[in-house]
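See structure below.
The values are calculated or read from the model by the stated rules, or taken from the named source; none is laboratory data. Here the structure is a predicted model, which is why all the values come from computation and not from measurement. We place every Cβ from the backbone using ideal geometry, glycine too, and count neighbours over all the protein chains shown.
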Amino acid sequence: MKKTILVNGLFGLCLVLGAANYAFSEDGELKLNSADGSTKLVIQDKSAKTVTGFDSVGNIVTLGTVTVAGSGFSVGGSTFVVKDGSVGIGTTSPGAALDVNGAIRTAAGQNFKVRYSTVSVSVSLPQQYGTSFGTVNFGYTFSSVPVVMITGTSMGSYVDAINPTALNITTTGFTLYLFNSATGSASGTYTCNWIAIGD
């Protein structure tokens, strides 16, 4: 059974709950309303100090720590999202521990943008030989040429022998250059992660 208490004004709520020392023992629904829209709920400790408050527009102020028992929560839709241990800002589906969809501003007031992805190419390189493997696009146009870092992730035993380099970096992308430093030829699918940081 669902029990509902509808109280017009905070004073009436105090009378109902205080006089009867009321406690919900069943499914309960508590409603507060007022004609002027000033309804609020305040929770105090024994010394009458406010520990948690809810105002008429849904703002919550608490002196303690808020714990969410579920696997995530969101603030303003996609403004700030915590999902399965990952934090998303500007995205509802964070793909990393911290996923920011937008510019990041440092304490010095400078904005910077981070773009990252993975690229795979088919490789057949003789020993001590290097060549270019096309243009990698950032998917974003930086205001100035960004800093690009590349790390090889897979190509079997050849992954440490293949040295990736970003050449001809522009505001929209770079040329992927691979050099085989091994004493033998290297063939297969080479995969690397890249990250571009700029404004």
Scanning for something among the β-branched types (Val, Ile, Thr), farther than 30 Å from residue 103 by Cβ and within 31 Å of the chain's Cα centre (by Cα), does the stretch 156-173 turn up at least one residue? yes
Residue hits (the stretch 88-113; of a type in the set (A, V, I, L, M, F, W, C) and either crowded, with 16+ Cβ neighbours inside 10 Å or touching a helix residue (DSSP H, G or I) at 6+ places or on another chain (Cβ under 9 Å) (or both)) are 89
Is the stretch 124-138 home to any residue that is touching a Phe, Trp or Tyr at 6+ places or on another chain (Cβ under 9 Å), aromatic (Phe, Trp, Tyr), within 13 Å of residue 174 (Cβ to Cβ) and not assigned by TED's automatic domain parsing to the domain that holds residue 88? yes
- Query: Does residue 102 count as outside any strand (DSSP E or B), among the small types (Gly, Ala, Ser) and on the phi > 0 side of the Ramachandran plot?
  - Reply: yes
Q.
Given the criteria surrounded by 13 or more Cβ atoms within 10 Å (Cβ to Cβ), touching a residue at least 12 places away in the same chain (Cβ under 8 Å) and not polar (S, T, N, Q), does residue 80 qualify?
A. no
**Prompt:** Would you call residue 143 under 25 Å from residue 159 (Cβ atoms), of a type in the set (Gly, Ala, Ser) and loosely packed, with under 12 Cβ neighbours inside 10 Å?
**Reply:** no
Note to self: Quick check on residue 153: is it assigned to a strand (DSSP E or B) and either out of contact with any Gly (no Cβ under 7 Å at 6 or more places or on another chain) or farther than 21 Å from residue 180 by Cβ (or both)?
What the structure shows: yes
When (1) buried (at least 16 other Cβ atoms within 10 Å of the Cβ); (2) not in a strand (DSSP E or B) are applied to residue 127, the one that fails is (1)
Those residues of the stretch 130-150 which are closer than 13 Å to residue 177 by Cβ and among the polar types (S, T, N, Q) amount to 131, 132, 135
